[in-house]
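K.L.:
One structure, pasted below without further comment.
The values are calculated or read from the model by the stated rules, or taken from the named source; none is laboratory data. As the structure is a prediction and not an experimental result, all values here were calculated from the model. With ideal geometry, Cβ positions are generated from the backbone for all residues, glycine too; neighbour counts draw on all protein chains shown. Each accessible area value is taken on the protein alone, full model and side chains, heavy atoms only, with ligands, DNA and RNA left out. Shrake-Rupley method; radii C 1.70, N 1.55, O 1.52, S 1.80 Å.
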Amino acid sequence: MKVPFSWLKEFVDIEISVEELADKLVSCGFEIEEIIKMRDLIKNVVAGKIIAMEKHNNSDHLNVCQIDIGDKVVQIVTGANNVKVGDYVPVALDGATLHDGKVIKTGELRGVVSEGMLCSGAELNLINEDYEGAEVNGILILQNQPKLGQDINDIIGNCEVVLDVAITANRPDCNSILGIAREVASVTGKSIKLPDMSYKVSDDKISSFVSVDNQAYDLCPRYMAGGVKNVKQVISPKIIRDRLKAVGVRPINNLIDVTNYVLFEIGQPMHAFDLNNLEGHKIIVRRAKDNEKIVALDGKEYRLTNNDLAICDNVKPIAIAGVMGGEYSSISPDTSTVILESARFARDSVRHTSRKLNLKSDSSQRYEKGIDYISQEMGLNRALSLFDKYKWGEVVSGHIDQIKEQYEDKVFTYNYKEINKVIGKDIPKKAIMDILNSLTLTTEAEGDILTTKIPNYREDIIGINDLTEEVIRMYGYDIIEAKIYSNTKGGMTCYQNRLEKLKDIMVGKGAFEIVSYSFISPKGFDMLKLDVDSDIRKAIHLANPIGVDFSVMRTTLSYSMIKTMAYNISRGNKEFRLFELAKTYISKALPLTELPEEKNKLAIGLFGEKEDYYSLKSIIDDIMLTFGIEVVFERNKLSFLHSGRSARILSNGKEIGYLGEVHPDVNKEFDLDKKLYYAELDAEFIAEKGIDIKPYKTISKFQGMERDLALITPINMPAQLLLSTIKESCSNILDNLEIFDVYTGGQVDKGKKSIAVKLSFQENTRTLTDSDVNIEIDNILTKLKELDVYLR
């Protein structure tokens with residue numbers, strides 16, 4: 001929000017510098033993004049007098065001028081034909097900056113040095129109404145013989161200072177000069193002066209000019225209209241033009257400028273209709289019909305739906321409510337009677353329409369943040385007072401005011417000690433009352449009980465905590481002492497600690513953490529080659545996404561990770577390990593009937609010549625070993641992973657993740673021809689089921705025994721099935737088993753393979769005998785026969 005200092009001073013007697021004021025606003029909760037001095041936009045341009053001028057030796061249209069700028073004479077080469085000796089002109093010297101950012105340097109024009117340039121009115125952002133002769137086709141001739149060397153900003157009155165104030169979402173009341181003025185009055189201890197809203201009216205009544213029919217009170221809780229007849233279209237006064245330019249709006253004419261002026265001063269968006277273009281002299285506020293068309297003021301045609309609110313006459317839409325007016329009903333040179341609209345539109349309705357049509361305006365941005373009920377009447381009265389003040393027309397009597405329900409100011413009654421309890425500091429009752437009253441939150445006391453009346457424009461205040469915030473931000477946050485209350489225990493939960501431990505493990509493996517958006521593009525599921533009926537595709541679509549690439553909530557981290565890996569590879573990274581610990585959003589039903597399940601997942605991405613399936617698996621093995629979780633790996637069927645180099649990860653029959661090489665077809669979708677390796681683990685399961693301290697196991701002092709078995713198995717038998725079957729067949733004396741060789745060849749029947757398994761047996765209470773182990777081996781072989789597995 002750009003706030004011209006001079007405009008602000010119209011409402012508050014400010015006796016401090018703009019820098020001091022900025023500090024005070026920061027101390028009470030506002031962020032000052034920048035202090036803009038308009039004179040800094042035009043630098044090193046001064047007044048000069050042409051004392052000599054002669055034709056350029058190498059050009060028919062150039063003149064070489066000697067210019068006196070007070071302390072010296074400079075030489076300027078110019079092609080302008082409207083200057084002569086004795087003229088006072090603006091001179092942009094070496095290093096000068098013009099309003100459009102152009103920097104002027106000393107140079108040569110056809111062999112003759114030019115130490116700058118002479119400026120036209122356009123180059124100083126002026127029109128005739130700003131400075132006489134500014135629109136002449138040539139150099140601006142300065143009037144009244146200014147002092148030589150004088151800064152051009154002082155001559156043309158370009159001396160405004162603008163505060164660029166960042167307004168938080170909870171303070172829509174401050175999206176206006178008046179709103180900021182209320183805060184300034186409070187921090188400076190001054191009273192606020194409201195803008196003049198008085199005006200004289202003619203005998204004609206508004207009802208004889210136009211009627212209003214509000215058919216959508218849910219989307220338009222209040223619609224007001226006023227009128228001005230016999231209007232005159234002129235250039236707005238300099239003060240209005242200068243203020244509009246200071247806030248970034250181009251002045252056009254008084255009928256358009258007045259609505260923009262009120263928008264920034266009061267915070268109320270307004271629109272002016274030409275009465276002659278209203279069919280039936282009627283305004284109807286209604287939902288648009290599907291495929292109803294309107295050509296807006298930007299010259300483009302828009303199609304509306306029944307979800308959009310339209311302002312219409314008897315025949316057609318004449319404005320997109322809260323967003324932009326229509327071209328047909330706009331002000332024209334023949335306009336004689338103006339109908340002024342001042343309305344309150346539902347925020348979500350304006351936001352929906354604006355985003356759907358990709359059409360934004362200063363008005364739509366204000367409506368999206370929120371407009372209070374008071375602003376409609378204030379804005380309309382202020383606009384009419386300006387029409388009357390500057391004799392732009394005759395204000396007709398009365399307002400049309402269609403309102404859903406009469407608003408009332410909120411009233412809170414409370415003990416002032418409640419505020420001190422929240423703050424944790426004893427602030428005197430009088431100080432609390434003084435602060436609230438200075439903020440126009442009228443407060444009275446009866447003993448310790450305070451009664452505060454909340455004006456309608458402070459819709460953000462809904463309870464005692466909001467009042468407390470108002471008190472502390474004005475009293476000073478520095479009085480709050482940092483301390484831990486005796487009934488509060490700090491620290492992270494066991495669950496949180498285990499998630500942090502997961503991150504520590506990944507960092508220890510040389511991986512870098514990434515953070516990506518929770519919203520992804522729906523095309524990501526296609527790029528992952530997911531089946532049409534895949535559960536991963538059952539994503540939640542956002543109602544108002546910022547764009548199609550961020551329109552669904554992710555159900556997997558895979559798209560985000562692979563996209564990040566592809567980006568790094570495209571930037572020349574030769575090898576890396578990445579991980580992300582983040583939430584996925586799983587819906588129980590679509591459309592949503594209840595909140596989705598938010599699950600923490602760990603995504604791991606590897607790339608490089610030294611990386612393969614086994615380096616990824618070793619990371620997962622170490623994670624599971626650290627948390628004491630036993631897992632098995634089974635063949636995976638996910639479409640975005642290589643079917644022969646991927647696996648599901650199961651713990652006690654529950655799938656808790658998967659890993660593998662990214663499928664080559666998926667790589668092509670990301671313009672890659674490199675091998676990527678990806679894993680995704682259920683971090684929530686690991687954090688909940690993992691252990692922090694492994695159980696102690698006594699090392700046996702008795703001799704163990706080992707046996708090697710060479711087993712013939714079907715060639716397609718998974719090794720995991722073989723190991724799990726052996727483990728199930730043995731008693732608790734089996735201490736360990738592992739595969740140490742796999743063979744296929746001439747000595748093994750076709751369709752078979754040989755797997756060599758090492759088994760270690762151990763007993764804590766005695767030394768095992770051959771008989772003990774033979775019983776175990778017999779049980780194993782008996783069980784394996786059921787799988788068509790036998791000794792080689």
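K.L.:
At 0.36 nm per residue, minus the direct Cα-Cα distance, what do Leu625 and Asp526 gain on full extension? Give it in nm, one decimal, please.
P.N.:
Going from the current span to full extension adds 32.1 nm.
K.L.:
Oh, and also: Could you work out how far apart the two model spin labels at Ile35 and Arg766 are, taking each label as a point 7 Å from the Cα in the direction of the beta carbon, and quote it in nm?
P.N.:
Taking the simple label geometry, Ile35 and Arg766 are separated by 9.2 nm.
K.L.:
Next question. Work out the FRET efficiency for Leu194 and Lys599 from their Cβ-Cβ distance, taking R0 = 35 Å, and round it to the nearest 0.05.
P.N.:
0.05
K.L.:
Give me Rg over Rh for the chain, both radii from the alpha carbons and Rh done the Kirkwood way, two decimal places. Walk me through the numbers on the way to the answer.
P.N.:
Working: Rg = 38.7 Å, Rh = 34.2 Å.
My calculation of the ratio gives 1.13.
K.L.:
Subtracting the Cα-Cα distance from 0.36 nm times the residue separation, let me have the gained length for Leu781 to Gln406 in nm, one decimal. The partial results should precede the final answer.
P.N.:
Numbers: separation 375, 0.36 × 375 = 135.00 nm, distance 8.76 nm.
Net length gain for the segment: 126.2 nm.
K.L.:
Also: Could you run the Karplus curve 6.51 cos²θ - 1.76 cosθ + 1.60 with θ = phi - 60° over segment 299-306 and give me ³J(HN,Hα) per residue in whole Hz, x for Gly and Pro?
P.N.:
x, 9, 8, 10, 9, 9, 10, 5
K.L.:
Taking a cut-off of 13 Å between Cα atoms, list the aspartates and glutamates near Lys758, but don't count ones fewer than 8 places away on the same chain.
P.N.:
Within the straight-line cut-off, Lys758 pairs with Glu706, Asp708, Asp735, Glu738, Asp741.
K.L.:
Let me ask something else about it. Please give the helix 374-389 orientation as an angle from the longest Cα principal axis of the chain, in degrees from 0 to 90, rounded to the nearest 10.
P.N.:
For 374-389 against the chain, the angle is about 30 degrees.
K.L.:
Give the accessible surface of the chain per residue, rounded to a whole number of Å², with probe radius 1.4 Å and ligands, DNA and RNA excluded.
P.N.:
Details: 39460 Å² over 792 residues.
In whole numbers, the chain has 50 Å² accessible per residue.
K.L.:
Another one. Given a Förster distance of 41 Å, report the FRET efficiency between Lys9 and Asp334 from their Cβ-Cβ distance, rounded to the nearest 0.05.
P.N.:
0.60
K.L.:
Between Glu706 and Ser207, how many nm apart are label points set 7 Å from Cα along the C-beta direction?
P.N.:
About 10.5 nm separates the two model spin labels.
K.L.:
For segment 625-682 and segment 53-120, what is the centre-to-centre distance using only Cα atoms, to the nearest Å?
P.N.:
Distance between centres, Cα-based: 72 Å.
K.L.:
Counting Lys and Arg as +1 and Asp and Glu as -1, each charge on the Cβ, what is the dipole of segment 556-603 about the Cα centre in debye, to the nearest 20?
P.N.:
The dipole magnitude comes to about 240 debye.
K.L.:
Expressed as a whole percentage, what fraction of the accessible surface of segment 643-775 belongs to carbon and sulfur atoms when a 1.4 Å probe is rolled over the protein heavy atoms?
P.N.:
The nonpolar share, carbon plus sulfur, comes to 47 percent.
K.L.:
Under a point spin-label approximation (7 Å from Cα along Cα-to-Cβ), what is the Ala445-Arg571 distance to one decimal in nm?
P.N.:
5.9
K.L.:
In terms of modelled amide H atoms, which long-range or inter-chain residues lie less than 5 Å from the amide H of Asp735?
P.N.:
Residues meeting the criterion, in which the H sits 1.01 Å from N, are Ser760, Phe761, Gln762.
K.L.:
Give me the extension gain from Asn314 to Ile699: residue separation times 0.36 nm, minus the current Cα-Cα distance, reported in nm with one decimal. Walk me through the numbers on the way to the answer.
P.N.:
Details: separation 385, 0.36 × 385 = 138.60 nm, distance 9.33 nm.
Length gained, Asn314 through Ile699: 129.3 nm.
K.L.:
Using a 1.4 angstrom probe on the protein heavy atoms only, line up Tyr373, Tyr614, Tyr217, Tyr567 by accessible area, largest first.
P.N.:
Correct descending sequence by accessible area is Tyr614, Tyr567, Tyr217, Tyr373.
K.L.:
Would you please give the residues with an amide H less than 5 Å from that of Gly116, counting only those at least 5 places away or on a separate chain, with H modeled from the backbone geometry?
P.N.:
So Gly116 has HN proximity to Val77, Gly107.
K.L.:
For the peptides 503-513, 578-588, what is the packing order when you average, over each peptide's residues, the other Cβ atoms within 10 Å and list the highest mean first?
P.N.:
Those peptides, ordered most packed to least, come out 578-588, 503-513.
K.L.:
Could you compute the FRET efficiency for Thr305 and Asn58, with r as their C-beta to C-beta distance and R0 at 60 Å, rounded to 0.05?
P.N.:
Here the calculated transfer efficiency is 0.35.
K.L.:
Something else: Return the carbon/sulfur percentage of the accessible area of segment 30-145, one whole number, probe 1.4 Å, all protein chains in place.
P.N.:
The C+S portion of the solvent-accessible surface of segment 30-145 is 43 percent.
K.L.:
If you don't mind, another one. Do any of Lys9/Lys37; Lys200/Lys453; Lys563/Lys668; Lys610/Lys675 go past 21 Å between their Cα atoms, and which? Walk me through the numbers before you get to the answer.
P.N.:
On the way: Lys9/Lys37 16 Å; Lys200/Lys453 32 Å; Lys563/Lys668 12 Å; Lys610/Lys675 11 Å.
Checking Cα-Cα distances, Lys200/Lys453 exceed 21 Å.
K.L.:
With a 1.4 Å probe and all protein chains left in place, how much of the accessible area of segment 211-290 comes from carbon and sulfur atoms, in whole percent?
P.N.:
C and S atoms contribute 47 percent here.
K.L.:
In addition: For segment 246-260, take each phi angle, set θ = phi - 60°, evaluate the Karplus expression 6.51 cos²θ - 1.76 cosθ + 1.60, and give the result in whole Hz per residue in order, putting x for glycine and proline.
P.N.:
Per residue, the Karplus-derived 3J(HN,Hα) values read 5, 9, x, 10, 7, x, 10, 7, 4, 5, 8, 4, 5, 5, 5 Hz.
K.L.:
Taking H as built 1.01 Å from N, whose amide H comes closer than 5 Å to the amide H of Leu711, not counting residues under 5 places away?
P.N.:
Distant-sequence amide H within range of Leu711: Ile755, Ala756, Val757, Arg792.
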